[in-house]
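Got a structure for you, written out below as structure tokens; questions coming shortly.
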Amino acid sequence: MEHLKQNGFTIIENVFAPGEVPEVQASIFNARLKAVITEYFGHDYFAVKSIYFDKSEKSNWFVAWHQDLTISVDKKIDLPGFGPWTVKQDQFAVQPTLDILESIFTIRATIGEG
């Protein structure tokens, strides 16, 4: 927890066992991940986006540091401070208000060699 507070990130080993993906829903949002979220962030946090990349040695690519500013939502509702809106693969995404952005954390899970 101290590393997270000081550096803005931490590494937690063995949250997922090899072979748990691509059966993603039950595998990724398992009891171990939920326990990590609760331990580090509390009971009021939940996933707003999940992205799976298959980055093997044969199909690896570099992703520069960046900050995602949108959250995935199930429908478009016009609310003050939310926008702009996008739709990708029939999924709505919107940039929320600053107070919501400031309370979002990212968990990057690597399966196998990271």
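The values are calculated or read from the model by the stated rules, or taken from the named source; none is laboratory data. Worth saying up front: this structure is predicted, and the values here are computed from it rather than measured. When we count neighbours, we look across all protein chains shown, and the Cβ atoms used for this are built from the backbone with ideal geometry, even at glycine.
Of the numbered conditions (1) assigned to a loop (DSSP other than H, G, I, E, B); (2) at pLDDT below 90, Leu79 satisfies every one except a single condition; which is it?
Unmet condition: (2).
Now a separate question. Out of (1) within 26 Å of Leu98 (Cβ to Cβ); (2) at pLDDT 85 or above; (3) exposed (fewer than 13 other Cβ atoms within 10 Å of the Cβ), what's the single condition that is false for Phe9?
The single condition Phe9 does not satisfy is (2).
Kindly indicate the residue of the stretch 23-43 that is modelled with pLDDT of 75 or more, part of a helix (DSSP H, G or I) and not hydrophobic (A, V, I, L, M, F, W, C) and also nearest to Glu102 (Cα to Cα) among those meeting that condition.
Tyr40
Would you mention how many residues in the stretch 93-114 are of a type in the set (Phe, Trp, Tyr) and at pLDDT 90 or above?
0
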